[in-house]
Amino acid sequence: MINYTIIIPHKDIPQLLQRCLDSIPQREDLQVIIVDDNSDPDKVDFAHFPGLDRPDVEYYFTKEGRGAGYARNVGLKHARGKWLLFVDADDFFHPNLLEILDRWKNSTRDIIYFETDSVDCDTLKPIPPRLSLHPSTMVREELENSCLWVVPWGKMIRAELVRKHDIQFEETRWSNDIMFSTLCGYYAGKNVDICSDLLYCATDRRNSLWTGVWSEKHIMCRLDVQMRQEKFCLKHHLSYIILPDGISVSFDYLGKARPLGKKSYNKFKLHYLRHAGLYVLFNDFIAVVKFRIRHLL
């Protein structure tokens, strides 16, 4: 019986993929699935692809080049584990991975959230966590009534939950994981639990999909996904992410269009006004007014 399936999408970073694999122990009840998203042969030596010598690793080399969401969906089709875990190829697990997971493998919960931390991808120097279960920001009550954990990593998800509700990743170039994570959280509801053990390290890598240059297409994609997520949360009475200054993430993405010039920014602003939804627009308007009042005082 396979207890755990770990799905890893990969593109053009074989050295980091090897580091990720090295953090995953080998065991008979563990299935590791790597889906390569049409990597460049000039950057990847496919004859010596990371982990080819590991019997517990399955490989799927896609040629469509449709992004990490598509790659993760390919992995889901071949997953045989009772529990699903997702890891980005430039991230890694902390020691005692299987020891920690084994404490929860017989749980009746649908999602188990674990503590995560972050480091610089190159130097491994600690940086502020990208997402944390710290009591001041993420407590059990919040997770039961919200969709704040919008990444697929840092948790184990019951495979039956995903199959039952046919939950898949959006095959967008950016933010492919937000609606997948939101739907998993929605259908799990209160049937979740929290483990304070440190399990996952999310690295900060230069020129990644998150830290690279944000083009007009990039911002528009993230803006559209975020607005869909916020409207879904409002429809189902779920909490969604509000930034420290009180604005929504979609409004923050709108602000990232300013450096593109007045013409592009006006196009984004009109798109946001048309699609954000009245409740989000009202809350963002109030947050902006409060912000300006504070700076006038």
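Every residue, every condition in (1) surrounded by 12 or more Cβ atoms within 10 Å (Cβ to Cβ); (2) among the basic types (Lys, Arg); (3) part of a helix (DSSP H, G or I), yes or no:
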position	(1), (2), (3)
GLY185	yes, no, yes
ALA202	yes, no, no
ARG206	no, yes, no
HIS218	yes, no, yes
LYS269	yes, yes, yes
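Every listed requirement among (1) basic (Lys, Arg); (2) in a loop (DSSP other than H, G, I, E, B); (3) within 22 Å of ILE157 (Cβ to Cβ); (4) under 19 Å from the mean Cα position of the chain (by Cα) is met by ARG72 save one, (2). Considering only residues in segment 1-22 that are open to solvent by 10 Å² or more (accessible area, probe 1.4 Å) and outside any helix (DSSP H, G or I), the one that is modelled with the lowest pLDDT turns out to be MET1.
Could you list, ordered by first residue, the pairs with Cβ atoms under 9 Å in which the first is in segment 268-292 and at pLDDT 90 or above and the second is open to solvent by 90 Å² or more (accessible area, probe 1.4 Å) and part of a helix (DSSP H, G or I), at least 6 apart or interchain? Between residues of segment 268-292 that are at pLDDT 90 or above and residues that are open to solvent by 90 Å² or more (accessible area, probe 1.4 Å) and part of a helix (DSSP H, G or I), the close pairs are PHE268/ARG258; HIS275/ARG228; LEU281/LEU273.
Annotation note: Cβ proximity below 6 Å between a residue of segment 163-180 that is in contact (Cβ under 8 Å) with a residue 24 or more places away in the chain and a residue that is in a helix (DSSP H, G or I) and open to solvent by 30 Å² or more (accessible area, probe 1.4 Å) (sequence gap 6+ or interchain) occurs for GLU171/TYR70.
Take the conditions (1) in a loop (DSSP other than H, G, I, E, B); (2) more than 21 Å from ILE167 (Cβ to Cβ); SER118 misses just one of them, which is (1). When segment 32-78 is filtered for residues that are among the β-branched types (Val, Ile, Thr) and open to solvent by 10 Å² or more (accessible area, probe 1.4 Å), the ones remaining, listed by number, are VAL57, THR62, VAL74.
Please go through segment 230-259 and give me each residue that is touching a Leu at 6+ places or on another chain (Cβ under 8 Å), open to solvent by 30 Å² or more (accessible area, probe 1.4 Å) and aromatic (Phe, Trp, Tyr), ordered by number. Within segment 230-259, just PHE232 meets the criteria. Across segment 154-168, what is the number of residues that are more than 22 Å from LEU101 (Cα to Cα) and open to solvent by 10 Å² or more (accessible area, probe 1.4 Å)? Residues flagged as more than 22 Å from LEU101 (Cα to Cα) and open to solvent by 10 Å² or more (accessible area, probe 1.4 Å) within segment 154-168 amount to 4. Summed over segment 23-66, residues that are over 20 Å from the mean Cα position of the chain (by Cα) and not in a loop (DSSP other than H, G, I, E, B) total 11.
The values are calculated or read from the model by the stated rules, or taken from the named source; none is laboratory data. Predicted model only: the values in this text are computed from it and were never measured. Neighbour counts run over all protein chains shown; Cβ positions are idealised from the backbone, glycine included. Heavy atoms of the whole protein, side chains included, go into the accessibility calculation; ligands, DNA and RNA do not. Shrake-Rupley method; radii C 1.70, N 1.55, O 1.52, S 1.80 Å.
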